[in-house]
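Below is one structure; the comments refer to it alone.
The values are calculated or read from the model by the stated rules, or taken from the named source; none is laboratory data. Bear in mind that the values here come from a model prediction, so they are computed numbers and not experimental data. Positions of Cβ are backbone-derived with ideal geometry, glycine not excepted, and every protein chain shown enters the neighbour counts.
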Amino acid sequence: MKALGRHLVADFHGCASDLNDPELVVSTLVRACEVAGATVKECTRHHFSPYGVTAVVIIAESHLAIHTWPEYRFAAVDLFTCGTDVDTMKAFEFIRTALKASRVELQDLRRGIMSDGETAGRESPCPPKIRVVA
């Protein structure tokens with residue numbers, strides 16, 4: 001059996017970082033992508049009034065997303081990657097450190113579980129990252 005993707009779903013409690021700062025939230029996700037070896041394609045965010053941020057970073061390998069509740073020092077984070085080139089746990093660890101969470105609840109899900117018969121002769125829908133060697 002093969003999984004097409006890995007989906008980390010994390011609840012970050014007691015965050016000491018400024019969860020109401022959209023620049024910090026987006027830069028944390030982008031830096032997590034870099035650390036994990038993901039290829040950033042697009043970023044978007046929304047800053048709610050009076051507080052809260054939603055941000056999504058679309059990567060070639062899927063996406064990273066965060067929803068914050070600064071008033072509760074809480075952030076809900078989704079890290080969904082496919083293929084084998086991205087180290088999703090490195091992204092998770094970077095975000096945990098950056099948000100300075102005192103407690104984390106983590107679910108590690110395999111998505112798109114397929115039998116060998118279902119994947120035989122097919123390429124992954126998430127192409128491998130192209131590496132240029134100089």
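List of remarks:
- Among the residues making up the range 29-44, those that are closer than 17 Å to L99 by Cα and out of contact with any Leu (no Cβ under 6 Å at 6 or more places or on another chain) are V30, R31, A32, C33, E34, V35, A36.
- Against the list (1) in contact with a strand residue (DSSP E or B) (Cβ under 8 Å, 6 or more places away or on another chain); (2) surrounded by 18 or more Cβ atoms within 10 Å (Cβ to Cβ); (3) of a type outside the set (A, V, I, L, M); (4) over 25 Å from K2 (Cα atoms), the condition F94 fails is (1).
- Condition check for T44: more than 28 Å from K2 (Cα to Cα) and modelled with pLDDT of 95 or more: yes
- Test: residue in the range 53-62 that is touching a strand residue (DSSP E or B) at 6+ places or on another chain (Cβ under 7 Å) and acidic (D, E): yes
One line per residue, one yes/no per condition, for (1) in contact with a Gly (Cβ under 8 Å, 6 or more places away or on another chain); (2) aliphatic (A, V, I, L, M):
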| residue | (1), (2) |
| --- | --- |
| N20 | yes, no |
| R31 | no, no |
| F48 | no, no |
| A55 | no, yes |
| I58 | no, yes |
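- Close pairs (9 angstrom Cβ cut-off, 6 or more residues apart or separate chains): farther than 13 Å from V57 by Cβ in the range 80-95, among the small types (G, A, S) and surrounded by fewer than 18 Cβ atoms within 10 Å (Cβ to Cβ) anywhere: C82/A3; C82/G112; C82/S124; G83/S124; T84/S124; D85/G37; D87/G37; K90/G37
- When K100 is tested against (1) at positive phi; (2) among the basic types (K, R); (3) without any contact (Cβ under 8 Å) to a residue 24 or more places away in the chain, only condition (3) is not met.
- Applying the criterion of being hydroxyl-bearing (S, T, Y) and outside any loop (DSSP other than H, G, I, E, B) to the residues of the range 77-134, the residue that is modelled with the lowest pLDDT is T119.
- Filtering the range 1-54 to residues that are within 13 Å of P70 (Cα to Cα), outside any helix (DSSP H, G or I) and free of Cβ contacts under 8 Å to residues at least 40 places away in the same chain leaves D21, H47, F48, S49, P50, Y51, G52, V53, T54.
- Residue check for E71: charged (D, E, K, R), in a helix (DSSP H, G or I) and closer than 14 Å to L29 by Cα: no
- Scanning the range 5-23 for residues that are under 20 Å from K90 (Cβ atoms) and crowded, with 17+ Cβ neighbours inside 10 Å yields G5, R6, H7, L8, A10, F12, C15, S17.
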